[in-house]
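Undergrad: Dumping the structure here so I can ask a few things about it.
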Amino acid sequence: AQSVTQPDIHITVSEGASLELRCNYSYGATPYLFWYVQSPGQGLQLLLKYFSGDTLVQGIKGFEAEFKRSQSSFNLRKPSVHWSDAAEYFCAVGTADSWGKLQFGAGTQVVVTP
Amino acid sequence: DTAVSQTPKYLVTQMGNDKSIKCEQNLGHDTMYWYKQDSKKFLKIMFSYNNKELIINETVPNRFSPKSPDKAHLNLHINSLELGDSAVYFCASRLQNTQYFGPGTRLTVL
């Protein structure tokens, strides 16, 4: 069965500093990988996705993620964090053969300090 | 130009009541989903419909009944509400293996 692990429940970062959120997945084949962001009281917004091809993917709001098959990881990065990046971040894995059912990680809460 | 919309945004009700949450997407997608986000922010799929046909039905109490009158709408009806049903319910629709989520409905059962 597929699973997703986000090891960090909570991360505090200073505004302007870099950010990296970790995501590890377990799945037999190449999964479809996603990062979503949930701002307080808001819905889920897609940041970026990986299906195949170039393992470094660019997303919205200056985020990027790198797929590393050997490490079963799909970590999210941002070079310089803005106060508006404070939110909950979810990594998710989906497959092509299960009508797109998404398995989500537990989420990482990002707090941005001045 | 809202892509995936849900109504209501907030729903407060008493135990034992029956309530419905509505979802509509104007993206022309064929597949729609309901997810539940619990108090610890964990998201879990409940149901999925493809072109009005139920295709995913996770282990959900049968008090929950989804209905899709057409492929642009997927509603969730909940009978005999319990305290544990309090959560945020998200609707999503899918195109080319990517899901787009609605703003969520926060259900509070008192």
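Undergrad: I need the strands (runs of 3 or more DSSP E) fully contained in region A:10-114, keeping only those with at least 3 residues that are within 14 Å of another protein chain (Cβ to nearest Cβ) and within 10 Å of the chain's Cα centre (by Cα).
TA: Working: elements: A:10-14, A:19-21, A:24-26, A:32-38, A:44-50, A:56-58, A:64-68, A:73-78, A:87-94, A:108-113.
Answer list for region A:10-114: A:32-38, A:44-50, A:87-94.
Undergrad: Which of the strands (runs of 3 or more DSSP E) found entirely inside region B:36-99 contain at least 1 residues meeting this: touching a Ser or Thr at 6+ places or on another chain (Cβ under 9 Å) and within 13 Å of chain A (Cβ to nearest Cβ)? Spell out how you get there, then give the answer.
TA: On the way: elements: B:43-50, B:53-57, B:64-70, B:73-78, B:87-95.
Those strands (runs of 3 or more DSSP E) span B:43-50, B:53-57, B:87-95.
Undergrad: Name the residue that is least open to solvent (accessible area, probe 1.4 Å), counting only residues in region A:60-72 that are small (Gly, Ala, Ser) and modelled with pLDDT of 95 or more. Spell out the reasoning first.
TA: Residues of region A:60-72 that are small (Gly, Ala, Ser), as a first pass: A:62, A:65, A:70, A:72.
Those still in the list that are modelled with pLDDT of 95 or more too: A:62, A:65.
Numbers: A:Gly62: 48, A:Ala65: 0 Å².
Across region A:60-72, the extreme among qualifying residues is A:Ala65.
Undergrad: While we're here: Pairs under 6 Å by beta carbon, first residue closer than 14 Å to A:Val110 by Cβ in region A:69-89, partner open to solvent by less than 60 Å² (accessible area, probe 1.4 Å) and in a helix (DSSP H, G or I), six or more apart or different chains?
TA: These pairs meet every condition: A:Lys78/A:Gly62.
Undergrad: Applying the selection to region B:53-88, what residues are closer than 18 Å to A:Gly100 by Cα and either in contact (Cβ under 8 Å) with a residue 60 or more places away in the chain or open to solvent by 60 Å² or more (accessible area, probe 1.4 Å) (or both)?
TA: B:Glu53, B:Leu54, B:Asn57, B:Thr59, B:Lys71
The values are calculated or read from the model by the stated rules, or taken from the named source; none is laboratory data. Given the structure is predicted, the values throughout are model-derived calculations rather than measurements. For neighbour counting, all protein chains shown are included, and Cβ atoms are generated from backbone atoms with ideal geometry for every residue, glycine included. What goes into the accessible areas is simple: the full protein's heavy atoms, side chains included, and nothing from ligands, DNA or RNA. Shrake-Rupley method; radii C 1.70, N 1.55, O 1.52, S 1.80 Å.
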